[in-house]
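**Student:** The structure is given below, and queries will be raised subsequently.
Since every read-out is calculated from the coordinates, none of them should be taken as a lab result. All of these numbers come straight from a predicted model, not from anything done at the bench. Please note: Cβ atoms are built from the backbone with ideal geometry, for glycine as well, and neighbour counts cover all protein chains shown.
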């Protein structure tokens, strides 16, 4: 009976060893499968994140480009408006200066003959005063000679 018991124990040991080996293989396979699934999931998440980051970067680039273009257009518009306003003001000032210049010429043409007439009158008045003074001087001399 010892042999039978020994054989039975040996068989149980062998079966248990095979069972443990089978469980070990199953666990190893399961762990490998879970590891592979996790690796695939992580790769998928990484790829999705990379794609999202690329998409966000591209969207930001497009938005920045759009804002830059809008600012450039706005600056050009403001510059053009300022240039037009400056040209308009310059033209208005030029016309105003021309008008003032024409008015000055008109005044000069109107005043010059009057000034010349006044100067001629002053000259005639001065000449008349000089003649009167000469005549008064002569008369004084005559009176002075008679008095002496």
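**Student:** Tell me, in nm to one decimal, what length is gained between residue 66 and residue 142 on full extension, where the rule is 0.36 nm per residue of separation less the Cα-Cα distance?
**Tutor:** Gain on stretching residue 66 to residue 142: 16.4 nm.
**Student:** Helix 2-147 versus the longest principal axis of the chain: what angle, 0 to 90°, nearest 10, using Cα atoms?
**Tutor:** 0
**Student:** Taking only Cα atoms and a 10 Å spring cutoff, compute GNM fluctuations for the chain and point out the largest among 131, 98, 90.
**Tutor:** 131
**Student:** For mean projected area of the Cα convex hull in nm², the choices are (1) 24.8; (2) 15.8; (3) 7.2; which was calculated from the structure?
**Tutor:** Matching the structure shown: (1).
**Student:** Only Cα pairs within less than 10 Å get springs; with that Gaussian network setup on the chain, which residue of 19, 47, 80 has the largest fluctuation?
**Tutor:** Comparing 19, 47, 80 in the GNM, the peak value goes to 19.
**Student:** Another question, if that's okay. Using a basic spin-label model with each label point 7 Å from the Cα along Cα→Cβ, how many nm lie between residue 36 and residue 105?
**Tutor:** So the two model labels end up 10.3 nm from each other.
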